[in-house]
Each structure stands twice: as structure tokens, then as C-alpha cells.
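The values are calculated or read from the model by the stated rules, or taken from the named source; none is laboratory data. As the structure is a computational prediction, the values presented were derived from the model and not from experiment. Cβ sites come from the backbone with ideal geometry, for glycine too, and all protein chains shown count toward neighbours. Calculation scope for accessible area: heavy atoms of the full protein, side chains included, ligands and nucleic acids excluded. Shrake-Rupley method; radii C 1.70, N 1.55, O 1.52, S 1.80 Å.
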Amino acid sequence: MRLVLISFLLLTAPVFVHAQAIPNPNFRETAVIPYFHKVNPDIVSFQTFYKKVLDEQYTLLLIRGGAPIPGWDSVSFPMQHFWWNQDDLLGLFLAETANPDRIWELAVLKSNYGTSVVGVDRADSSSIVLWRTVSDYGIRAEWLKLFFDIRSQRLLGKVRYSPVAVGKIVWRSWRSVPMARREGRLRQYFVGNSGKKPLVAVWERTGPALVTGAEEQEVLAHVADYVQQLQGTGPSAPYVQESAYRTDHRDASVIFLPIDSAGKFFVSFGASQGSRATVDVAERTEEGYKLYPFPQSSLEEHRRARPERDEQQGRVMDWTIEERIGPYQIVGDRFWFGKTFYDGEGYSGVGGVGYFDPEQKKYVIFSPPALAPWSSSALFLGGPGDAVWIGLVRNPEGGDYSGGLLRYELATGSTKKYDLREIVLAIKPWGGALFAGTSNGIYVLRNDQLQHFVIEPGLDGE
């Protein structure tokens, strides 16, 4: 695998063709039509999905050819995504920037996937990455990366792969690293899942770099619980991956995590069928454990905070509210958490962040308007601005999707949202910046500017 900073092809001779009469008159790249007709002469509807000028000589085109869809000739450009149906063809071409009628065919691809939704994740002068989801449920499917050589106008190869999710960020000292490569005694590591095995990257002065050997093994040993979750050999705990499990008591159905220095208060976790879902805060007393049930929003609170949910249904709904503790962080004797809930099929909730105060024996929850429509996927208190940082996620029927990263100032109640396409899984500050591990790589927020680093396969698939 190779780290990439974010900032299709068969060799043919260039040809010139004349425009053809087609059902969607707004289509301008008519020089590509003969290449589609070589594969399927019956296709008469086309639309340019993606267009990027690579340099003064070449422009990259991604074009769909297939059955006409009502209104598709009037869709605004560029399109965010489109349906790639079984009988559609997807063509990738190079066009001469100064003369768009001069075309080189790079690839004309059949779906081979059934029906899926496709979009462009990124493209540069040597590759293009297409994301895919299964039908309209948004379930992430394998992505497709195509490599090409712009000088010879030919395809070098294509690789299907699963995006590398970075769900763990840790600080570790590494004594064998020369002082010139160390910033103090600690180094910051990112642990990701390639679908084949865990991967470890370390933050260097200019960005992340993959590590192997003894250094990699030391980091993986340090996060053994998380590695077991990735491999399916240990309990799974979605969105609570930033805190280590220290089990005070364990039986077949419940485990407890201590949250105060006196050892009296714990968070209880249900541990059934290999999953861990937070339930309540428990106090250990002489008579046993006393539970403090997690408070639920009322229907009236839901309607005030999220009127859009009833509007989407076209009527006032009697929603089933099932909110629970999601990501968490222990700060002093307070147990901080973000709320999470299923948001579909009659179920819903109100997003919020808060803490359990052992001294007062009560929950305190904040639900600013920017957070109310979202579940929390990750949580961190501190970092730049001394705020609460929250990953936003929607958990509907189908695939989860990101709402970005939210900065919430407790003192003033002000919020600021940063647009991240990927679901945030882990948050930590380092060297004056904030790092977010996501469902596809690492985001770095520095001086209010975002950079995105991803781990992608090379042409050899590694």
C-alpha cells in the first residue's frame, strides 16, 4: 500500500469525428461516441460525468453511455454520482485540451457489478479512483483505481480495493529511531485496516509514512484489542475505539469500565454475540450495582430539535427514541460521551454530547442545533481551541454516512463544522494540529485548513 496526498486505458490512435444527433443535445463530447459503438452500437444516450484538465495538453473525461434517464440531459455539471446499471458502459478518455475533438480512448468498461452507485473520489495525471456503493442503500462496495500513462496514452492496469479505514491514533516512544527523526520522545501512529491486515503509519515532519518490521509490531501489540476487533477475533465496539477496555467485572453478558479515580462508578457494556453496546452508568455499592439509566429525549424534544424528520415523512410521527452512549473519553472523574442512535424505519433520536458527573450522580447533556440531527462517531476534548471535537455520522436504513467534524465551544455554545466526506473514527491533537482517522485515510486540520491523506494500492495491488 502507498500513502497518497489528495490536493481508464486502451492504446488507440487519435481520431476526429463529427457530432451526431443524440437524445441529450447538451452532450458536447461527441467524439467519444464511436468508441462506445464498438462495444455496443445500440447506445445513443450519453452524459459527461467528470471532466478534469490535467495539463495544457490533456483533459480527462469520464462518460456514461446507456439507457436514457428522465431529465439526465439537464442535470447540473459536474454530477456528484450516478447509477451504473448492468447494461451501461463507462468510458474514460483523454482529450486534447486545446482541441476537444481529438480523443484517445483509455477504457470502455462494462459494469460487471450489477447495479451500483458510482462517483469519482479523486483523479490526477496518473490515476483515477471511483467509489462505489450497492444500490440506493449506500452500502460501501469495492472501489476501482485505474492507472494510466499520460505520455503514451495507455492503460497500465486497474485494481479493485477496499478503502483503508484509520480507526486508531496512538502516541508511542520508539527508542531505536534516530534522534533526527524524532520529535521529543513520542511519535504519533495511525492504525488502519486494509481488509487484508492492519497497517501502521507514523507521522513524519512532512506527512505520514508506512512502517513495517519491529516498529510496526510494537504498535500493533500496544493496540491488541483493536487489532482483534479488525480481525474479528475479539469483541467489536463500533465508534468506541479510542478508549482501552479495563474490565473490573466480566460475565457472559455485561462488562464494566471504571470511570472515576475512587473506583466506584463504571460504564456497563452489553457483551452479546461479540458486540459491545454501552447501556448505563453503574455505581458499586454494598448491595451491588446501582444503575443510572441513560436519559432519552422525549418526543416533544425531538420535534423541537429535529422538525425536518416529520417534514421528510409528510406527517407527525410517533418516533421510537432509542439513544445510547457512543464514543467516549474519561477526563478527570467525568465520563464524557457522544450520543448515537439509529435514524430510520420509525426510530430516531436527538444528537448530543455530555458527561456523567459521579459527584452529582447525574448526566449533563448539550444538544446544539448543529449536532442535534447527527449521531457521534468519535469524540475528543481538548486540542486546538480547547473545545469538544465530534465526528458526525448518520445511521439510517442502509449505509452510514458522514456529516463532517464539529467543533463545539462549551464556554460559549458556538459551533463550527468542517466538511469531511468520510466518517470520523478517531480524533487526536499533535503538534498544533488536529488529526482525524476516518473511514478513508487521515484528515489533518492545521490553521483552519484541511489536508487529506489516503492509503491506496499501487499498480501491483500492494
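Return the residues of region 98-138 that are of a type in the set (S, T, N, Q) and part of a strand (DSSP E or B); say none if nothing qualifies.
Let us first name the residues in region 98-138 that are of a type in the set (S, T, N, Q), namely 99, 111-112, 115-116, 125-127, 133, 135.
The answer is Asn99, Ser116, Ser127, Thr133.
Please go through region 36-48 and pick out each residue that is modelled with pLDDT under 90, under 27 Å from Trp131 (Cβ atoms) and surrounded by fewer than 16 Cβ atoms within 10 Å (Cβ to Cβ).
Listed by number, the list is empty, since nothing qualifies.
For every residue, the table says whether it meets (1) at pLDDT 95 or above; (2) part of a strand (DSSP E or B); (3) under 18 Å from the mean Cα position of the chain (by Cα).
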| residue | (1), (2), (3) |
| --- | --- |
| Thr412 | no, no, no |
| Lys416 | yes, yes, no |
| Arg421 | no, no, yes |
| Ala426 | yes, yes, yes |
| Gly437 | yes, yes, yes |
| Ile442 | yes, yes, yes |
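Sort out for me the strands (runs of 3 or more DSSP E) sitting completely within region 210-317 that have 1 or more residues that are modelled with pLDDT under 60. So that I can check it myself, show each step before the final result.
Working: elements: 254-258, 265-272, 275-285, 288-293.
Of the strands (runs of 3 or more DSSP E) lying wholly inside region 210-317, those with at least 1 residues that are modelled with pLDDT under 60 span 265-272, 275-285.
Does Ser152 meet the test of being at pLDDT 95 or above and open to solvent by 20 Å² or more (accessible area, probe 1.4 Å)? Steps first, please.
Numbers: at pLDDT 95 or above: yes; open to solvent by 20 Å² or more (accessible area, probe 1.4 Å): yes.
Answer is yes for this residue.
Suppose the filter is surrounded by fewer than 20 Cβ atoms within 10 Å (Cβ to Cβ), in a strand (DSSP E or B) and aromatic (Phe, Trp, Tyr); does Tyr328 pass it? Full working, then the answer.
On the way: surrounded by fewer than 20 Cβ atoms within 10 Å (Cβ to Cβ): no; in a strand (DSSP E or B): yes; aromatic (Phe, Trp, Tyr): yes.
No.
Matching residues to (1) under 23 Å from Asn112 (Cα atoms); (2) assigned to a loop (DSSP other than H, G, I, E, B); (3) at pLDDT below 70:
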| residue | (1), (2), (3) |
| --- | --- |
| Leu10 | yes, yes, yes |
| Val17 | no, yes, yes |
| Ala31 | no, no, no |
| Pro34 | yes, no, no |
| Tyr50 | yes, no, no |
| Asp73 | no, no, yes |
| Phe77 | no, yes, yes |
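Would you say Gly404 is closer than 17 Å to Ile169 by Cβ, open to solvent by less than 30 Å² (accessible area, probe 1.4 Å) and not polar (S, T, N, Q)? Give the derivation first.
Working: closer than 17 Å to Ile169 by Cβ: no; open to solvent by less than 30 Å² (accessible area, probe 1.4 Å): yes; not polar (S, T, N, Q): yes.
So Gly404 fails the test.
Looking at region 113-149 only, could you name the residues that are polar (S, T, N, Q) and at pLDDT 95 or above? Please lay out each step first, then the result.
We begin by selecting, within region 113-149, every residue polar (S, T, N, Q); these are 115-116, 125-127, 133, 135.
Correct list: Ser125, Ser126, Ser127.
Starting from residues that are closer than 15 Å to Ala433 by Cα and not in a strand (DSSP E or B), keep the ones in region 371-410 and report whichever is modelled with the lowest pLDDT.
This residue is Gly385.
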